[in-house]
Amino acid sequence: MASLSMAPVNIFKHGADEEKAETARMSSFIGAIAIGDLVKSTLGPKGMDKILLGGGREGSVTVTNDGATILKAIGVDNPAAKVLVDMSKVQDDEVGDGTTSVTVLAAELLREAELLIAKKIHPQIIISGWRKATQAAREALKEAAVDHGNDAVKFQDDLLNIARTTLSSKLLTHHKDHFSKLAVEAVLRLKGSGNLEAIHVIKKLGGSLTDSYLDEGFLLDKKIGVNQPKRLENANILIANTGMDTDKIKIFGSRVRVDSTAKVAEIELAEKEKMKEKVERILKHGINCFINRQLIYNYPEQLFAAAGVMAIEHADFVGVERLALVTGGEITSTFDHPELVKLGHCKLIEEVMIGEDTLIHFSGVEMGEACTIVLRGATQQILDEAERSLHDALCVLAQTVKETRTVYGGGCSEMLMAKAVTELANRTPGKEAVAMESFAKALAMLPTIIADNAGYDSADLVAQLRAAHMENKSTFGLNMSQGVIGDMAELGITESFQVKRQVLLSAAEAAEMILRVDNIIKAAPRKRVPDHHPC
């Protein structure tokens, strides 16, 4: 009877897999640390780029150092690694920047946890210590935050500094003054609404990055129809998503027998009449500009031209949505009740040339804060990366306009938090203190990695930085252009309080979640069975 009870019992389906205790924990740690090591080299102003090759026929090439973009593109099989990938996506959606920092911090916390577990310290004790450490770090960050929300001039300087700091770790670092002005101007036009939909980014090959500019109004990458007015003042715009050929007689898989070509002409005439009727219904709205998501076709285009109405066809869906937003109109599909339709308005519509392309420019739109940033660059990869960099800066600035507190960058905030956590650990009895020290070490790893990536002696620089913070020089951080420590307040290296706080909380929560795991159960793969009933 005893021997029977000792036999291992498998309760899972055939093919299911289970990893227990130490094996499960090690598997989680290794996966998460590997993800951290993958993006670690992209951190900081001297971080390196990665080339991502698409797997399709085209083999698309993406050159980026944006943590979220890299992690989205790679297929991950390890469950703990997937947690970090999801966390970086949330960071990107929530605040727009800090995606690499949050991944690296979570990975460093787990690296420290691995050493503590090897010393036989229970995961729950580590978690308990980390929670107290997170609270202490958060309080230290809060105390160090500076708020210039009530001083318009200082706040604008803060925004410019934040934009420069955000862009300094991106492709646009050599043109950060130019682009930070663009980004700040665009965000301040929003008047605190934070609605980034009103900022439209258009990428046009040619020229150099410094040729990029901010255009007040809205640009649509389309052409105006043949024989139609190329310039309109005080436009009443009907924005539609309707098929202009839907009224044609569509007879699939059947034949129509006619005894003369005149009958074919009659069918065509009936179709034309239906299309004409639809155009007349549209013209009853009292418009002088018609923009359609779908094709308009030649005959309706002629009718619009005869009525002196500007018709723009096949505007992409995002363009139509944004156009409706900025002109104050609504997208319409039926035209039977003109009184219920909300038209868009703008003062001037005209064609403009950018490089070799013709675009349609809407100025004096209903939504005054709308603007377009036109990016120029030598290759598509440069334009894509410039757009991602600018998107991060815009998101951070929009967050800062809502939450006006700022903190200092260059590893200053991390060292400040590490100092607060170390002081708490020195006052705490028991094993929790060891966990707190490990948390402080993980925080101090961020400035170390920034220095390493720049090719400087990180041990020396971080030791100098720690000593400066011990002397209460709490605004000191790493000056990566000189390879020395410096006063971040003088250098203007400023970051958003919101971004830093989110990095700290997200990384601590994700690391805690992975540390709690003591069992990984994989479902049995679905068997492929031959399909005996093909449709």
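The values are calculated or read from the model by the stated rules, or taken from the named source; none is laboratory data. From a predicted model like this one, the values you see are computed outputs, not experimental measurements. Ideal geometry is used to build each Cβ from the backbone, glycine not excepted, and the neighbour counts take in all protein chains shown. Protein only, heavy atoms only, side chains kept; ligands, DNA and RNA dropped before computing areas. Shrake-Rupley method; radii C 1.70, N 1.55, O 1.52, S 1.80 Å.
From the Cα gyration tensor of the range 317-468, with a ≥ b ≥ c the square roots of its eigenvalues, which class applies: rounded if a/c is under 1.5, or else prolate if a/b is larger than b/c, or else oblate? Intermediate results must be reported in sequence, preceding the final value.
Working: a/c = 4.13, a/b = 2.36, b/c = 1.75.
In terms of gyration-tensor shape, prolate.
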Modelling each spin label as a point 7 Å along the Cα-to-Cβ direction, I'd like the Lys82/Thr173 distance in nm, to one decimal. 3.5
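For Ser27, Ser481, Ser88, give the ranking by accessible area with the largest first, probe 1.4 Å. Could you put the intermediate results ahead of the total?
Numbers: Ser27 30, Ser481 85, Ser88 0 Å².
Sorted descending by solvent-accessible area, the residues read Ser481, Ser27, Ser88.
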Computed E for Glu185/Asp221 - FRET, C-beta separation, R0 30 angstrom, nearest 0.05: 0.85
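How many percent of DSSP beta bridges within the chain run antiparallel, rounded to 5? Walk me through the numbers before you get to the answer.
Values: 39 of 55 bridges.
Close to 70 percent.
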How about Lys50: which lysines have a C-alpha closer than 21 Å to its C-alpha, ignoring those fewer than 8 places off in the same chain? Lys40, Lys72, Lys82, Lys89, Lys170, Lys176
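Taking 0.36 nm per residue of separation and subtracting the Cα-Cα distance, what length does fully extending Thr242 through Lys154 add?
Working: separation 88, 0.36 × 88 = 31.68 nm, distance 4.95 nm.
Here the segment from Thr242 to Lys154 would lengthen by 26.7 nm.
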If you fit an axis through the alpha-carbon atoms of helix 123-144 and take the longest principal axis of the Cα set of the chain, what angle between them do you get, 0 to 90°, nearest 10? 70
Hey, what's the range 211-343 come to in accessible area per residue, 1.4 Å probe, Å²? 56
What is the spin-label model distance, in nm, from Asn472 to Phe12 if the labels are put 7 Å beyond Cα along the C-beta direction? 5.8
Listed candidates [x] 140; [y] 232; [z] 336 - label of the one calculated as volume of the Cα convex hull per residue in Å³: [y]
Roughly to the nearest percent, how much of the accessible area of the range 421-466 is carbon and sulfur, given a 1.4 Å probe? 51
Lysines with Cα under 22 Å of Lys274, excluding same-chain neighbours fewer than 8 positions away: Lys248, Lys250, Lys263, Lys284
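Can you tell me the order of 394-406, 300-312 when each peptide is scored by its average per-residue count of other Cβ atoms within 10 angstrom, highest first?
394-406, 300-312
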Backbone N within the range 399-413 under 17 Å of label point (7 Å from Ala489 Cα along the Cβ vector): 405-413
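Highest mean first, what order results for 426-436, 42-52 on Cβ atoms within 10 Å? Working shown, then result.
Working: 426-436: 16.3, 42-52: 18.5.
So the order, starting with the most tightly packed, is 42-52, 426-436.
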Could you work out the relative contact order of the chain, using alpha carbon pairs under 8 angstrom and six or more residues apart, expressed as a whole percent? 26
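What ranking do 95-107, 266-278 get when scored by the average of other Cβ atoms within 10 Å per residue, highest first?
Details: 95-107: 28.3, 266-278: 13.8.
Ranked by mean Cβ neighbours within 10 Å, highest first: 95-107, 266-278.
Could you tell me which of the pairs Lys132/Lys522; Lys142/Lys441; Lys181/Lys230; Lys347/Lys402 are separated by over 24 angstrom between their Cα atoms in the structure shown?
On the way: Lys132/Lys522 34 Å; Lys142/Lys441 20 Å; Lys181/Lys230 32 Å; Lys347/Lys402 31 Å.
The pairs that break the limit, which is 24 Å between Cα atoms, are Lys132/Lys522; Lys181/Lys230; Lys347/Lys402.
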Express in nm, to one decimal, how much length is gained between Gln482 and His122 on full extension, taking 0.36 nm for each residue of separation and deducting their alpha carbon distance. 125.3 nm
The set of residues whose placed amide H lies less than 5 Å from the amide H of Met310, leaving out same-chain residues fewer than 5 positions away, is Cys289, Phe290
What is the helix-to-structure angle for 152-168, meaning the angle in degrees between its Cα long axis and the longest Cα principal axis of the chain, kept from 0 to 90 and rounded to the nearest 10? 80
From phi via Karplus (6.51, -1.76, 1.60), per-residue ³J(HN,Hα) for the range 197-211 in Hz, x at Gly/Pro: 4, 6, 9, 9, 10, 10, 9, 10, 5, x, x, 10, 4, 6, 7
